[in-house]
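S.K.: This structure is in structure tokens; I'll ask about it shortly.
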Amino acid sequence: MVDQLGTSALTDNDAFSRHQASNMRPDVIKDLEQKIAAAGVEFIYYMLPTIGAKVVAKMVPARHLRRNLEKGIALHRTAVADLQSTREGELIGGGIGAREMIALPDPSTFVVLPWDTSVARMLCLAYEPMHFAEVGGRPLATDSRGLLIRAHHEFTARTGYEVRSGTEPEMMWTGPGLEVIKKEGSSPAYQVENLERMRPIFKQVVRYAQAFGLDMIEGDYEDDGQLELNWMYDRVELTSDRLVTYRQICKQVAREQGVTASFMPKPFNGLMGNGCHHNLSLWKDGANACVEPGNTQIHLSEVGRWAVGGMLTHAADSTAIMASTVNSYKRFWDAGQFAPSSPSWGLDSRAGMIRISSIGRMEYRQPDSSVNPYLSHTALLASIEDGLDRKINSGDPLTDENAKVVKFDLMPMTLGDAIVQFEGSALLKKAFPAELRDVFIDLKKDEWARYCGVITEWEFAQYWETLP
């Protein structure tokens with residue numbers, strides 16, 4: 001269903017009508033009504049991911065299902081910008097006078113909440129309202145979920161490849177009973193005693209995630225209070241939906257357990273940051289095109305090397321998306337904490353930005369757990385396609401001898417520099433609709449300005465009694 005709903009160009013005035021007609025098919029309605037009746041669902045969240053990696057929603061009694069399948073829900077247009085105001089008080093994305101948008105539910109994403117079966121959820125795609133002259137019925141340019149679905153469809157049409165992804169979201173858990181066990185100078189990673197203290201948490205997260213359709217495969221304790229739980233890879237748009245869902249699950253489990261769950265990229269100096277590595281592969285005719293047939297060693301095919309070349313070529317331009325907060329850059333400044341600060345790649349090497357961690361899998365290590373996965377995967381699709389089109393040479397993988405050789409542009413090391421780099425990227429100007437790009441830049445510039453305007457404890461310690 002999701003493939004059919006999101007493949008319309010931004011100039012297609014019939015996109016809303018096709019989605020609407022698909023929603024109103026008798027078999028779709030019957031299936032949803034049966035699920036609602038079987039679970040005793042009374043309420044439905046109609047949810048839309050935002051540019052800022054959050055989710056906005058409206059709650060509607062389930063008895064209005066048919067009405068919402070046909071008409072969707074109306075939201076103020078600035079909701080896609082988290083209803084964030086600038087320091088001057090102006091709502092980003094059009095101001096208080098901005099027009100509304102319509103979010104139509106995607107029936108394929110219907111799930112009954114496992115922690116309260118009287119409530120279900122559906123993710124949506126956003127459109128221009130039909131009554132707007134000229135643009136009515138078109139996909140909303142600032143809908144990042146719709147953007148990725150269209151981008152992947154168009155990428156496959158042009159290249160013949162499907163891109164699959166698996167993400168590794170790390171996060172910190174703090175609260176009673178979660179005290180860390182470790183001796184001085186050692187890491188608590190993988191220690192079963194620390195994992196045992198997390199047992200009530202990981203059990204509930206995994207159970208809820210499985211109820212949402214995530215095929216959970218493994219998890220481990222990484223650093224002080226840090227847990228990573230992974231699920232099976234899939235098409236990039238499905239993986240992105242699952243990451244958004246996983247975050248919702250973790251927040252719910254934290255409420256139930258009386259603890260705090262944080263996706264903050266770098267909560268503490270000297271400890272690991274919360275990364276969200278994207279594990280990527282290209283598929284055609286049921287085969288991974290990043291694998292050389294018959295080669296059983298860790299390696300990358302020529303197609304894979306071109307893809308790596310594209311991702312590294314545009315890594316600096318994409319940094320504002322992969323590391324989207326002020327705090328994100330503290331990961332890169334804290335040496336020795338496994339966060340990549342230069343664009344390079346290696347065979348099973350955590351020193352590089354891209355690690356070939358198993359046969360045919362490209363682990364892109366720049367993103368952190370605050371990332372908007374719809375934007376990050378859209379940027380990666382564009383970068384990979386450029387690598388394939390131009391057959392960009394990825395250079396040699398890292399070795400002990402060439403570990404300091406950098407072939408590609410160095411990454412920005414602050415959000416301010418990353419914004420400038422993003423603004424100047426010709427590739428990303430093509431990959432992102434102008435309106436979405438402008439809203440993203442406005443959000444990030446406002447965040448950077450707010451940070452730059454705050455006087456910190458560090459400044460008092462550095463200057464209060466030491467100047468002149």
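Derivation of every value follows stated rules applied to the coordinates shown; laboratory data play no part. The structure displayed is predicted, hence computed values, not measured ones. Quick reminder, even Gly has a Cβ in these numbers, built from the backbone with ideal geometry, and neighbours come from all protein chains shown.
S.K.: For Lys30, which lysines qualify as cross-link partners when the Cα separation must be under 23 Å and same-chain residues fewer than eight apart are set aside?
M.R.: Lys58, Lys71
S.K.: Per DSSP helix of 4 or more residues, -39500 (n - 2.57); summed, then divided by the residues of the chain. What does that give at 222 nm, rounded to the nearest 500?
M.R.: For the chain, the value works out to -11000 deg cm²/dmol.
S.K.: Also: For segment 1-88, which trypsin sites (Lys or Arg not before Pro) pass both filters: DSSP loop (anything but H, G, I, E, B) and at most 15 other C-beta atoms within 10 Å?
M.R.: Here the sparse-neighbourhood loop sites are Arg87.
S.K.: Please name whichever of Tyr451, Met130, Thr325 sits farthest to the positive end of the charge dipole of the chain, dipole taken about the Cα centre and charges placed at Cβ: Lys and Arg +1, Asp and Glu -1.
M.R.: Sorting the options by dipole projection puts first Met130.
S.K.: Now a separate question. What longest region of the chain stays clear of GluC sites (Glu not before Pro) that DSSP places outside H, G, I, E and B and that have at most 12 other Cβ atoms within 10 Å?
M.R.: Working: sites that count: Glu88, Glu134, Glu179, Glu184, Glu401, Glu465.
It runs 185-400.
S.K.: Sticking with this one: Say each of Tyr190 and Asp14 gets a label point 7 Å from the Cα, pointing the same way as Cα to Cβ; how far apart are those two points in nm?
M.R.: Each label point is offset 7 Å from its Cα along the Cβ direction, giving 5.7 nm.
S.K.: OK, next. For segment 1-62 and segment 240-262, what is the separation of their Cα centres, given in Å?
M.R.: 23
S.K.: Here's a follow-up. Would you work out which of Leu69, Ala157, Trp115 lies farthest towards the positive end of the dipole of the chain, given +1 charges on the beta-carbon of Lys and Arg and -1 on that of Asp and Glu, about the Cα centre?
M.R.: The Cα lying farthest towards the positive end belongs to Leu69.
S.K.: Report the net charge of residues surrounding Thr466, where surrounding means a beta-carbon distance below 15 angstrom and charges are Lys +1, Arg +1, Asp -1, Glu -1.
M.R.: Net charge in that neighbourhood comes out at -3.
S.K.: Suppose R0 equals 30 Å; then what is the FRET efficiency for Glu42 and Met232 from their Cβ-Cβ distance, rounded to the nearest 0.05?
M.R.: 0.40
S.K.: 5 Å is the cut-off here: which amide hydrogens, built 1.01 Å from N in the peptide plane, fall below it relative to Trp345, excluding neighbours closer than 5 in sequence?
M.R.: Answer set, sorted by chain and number: Met353, Ile354, Leu398.
S.K.: Additional query: Taking just the alpha carbons, could you work out the radius of gyration and Dmax for the chain, both in angstroms?
M.R.: For the chain, the Cα-based Rg and Dmax read 22.5, 77 Å.
S.K.: How charged is the neighbourhood of Ala382? Take every other residue with its Cβ under 13 Å from the Cβ of Ala382, and add Lys/Arg as +1 and Asp/Glu as -1.
M.R.: Residues close to Ala382 contribute a combined charge of +1.
S.K.: I've got another one for you. Taking the Cβ of Val135 as the center, what net charge do the other residues with Cβ under 14 Å away carry, scoring Lys and Arg +1 and Asp and Glu -1?
M.R.: Around Val135, the surrounding residues sum to -4.
S.K.: Residue by residue through segment 456-468, what is 3J(HN,Hα) from phi via Karplus (6.51 cos²θ - 1.76 cosθ + 1.60, θ = phi - 60°)? Round to whole Hz and write x for glycine and proline.
M.R.: Calculated HN-Hα couplings, in order: 9, 4, 4, 5, 5, 5, 7, 10, 4, 10, 9, 9, x Hz.
S.K.: Modelling each spin label as a point 7 Å along the Cα-to-Cβ direction, I'd like the Arg207/Ala426 distance in nm, to one decimal.
M.R.: In this crude label model, Arg207 to Ala426 measures out at 5.6 nm.
S.K.: How high is the FRET efficiency between Asp31 and Ala287 when r is their beta carbon distance and R₀ equals 45 Å, given to the nearest 0.05?
M.R.: For Asp31 and Ala287, the calculated efficiency is 0.85.
S.K.: Using 0.36 nm per residue, how much length does the chain from His299 to Ala133 gain when fully extended, once their Cα-Cα distance is taken away? Walk me through the numbers before you get to the answer.
M.R.: Numbers: separation 166, 0.36 × 166 = 59.76 nm, distance 5.37 nm.
Full-extension gain reported as 54.4 nm.
S.K.: Further question: To the nearest 0.05, what FRET efficiency results for Arg255 and Asp396 with a Förster distance of 35 Å applied to their C-beta separation?
M.R.: The value I calculate is 0.10.
S.K.: Nearest-5 percent of antiparallel DSSP beta bridges in the chain?
M.R.: Restricted to the chain, the bridges split so that about 85 percent are antiparallel.
S.K.: Loop-only chymotrypsin sites (Phe, Trp or Tyr not before Pro) in segment 1-95, please: DSSP not H, G, I, E or B, and at most 13 other Cβ atoms within 10 Å. Walk me through the intermediate numbers first.
M.R.: Values: sites: Phe16, Phe43, Tyr45, Tyr46; in loops: none.
Nothing satisfies the criteria.
S.K.: Treat every Asp and Glu Cβ in the chain as -1 and every Lys and Arg Cβ as +1, leave all other atoms uncharged, and give the resulting dipole magnitude about the Cα centre to the nearest 20 debye.
M.R.: Numbers: 49 positive and 61 negative charges, 197 e Å.
Computed about the Cα centre, the dipole is about 940 debye.
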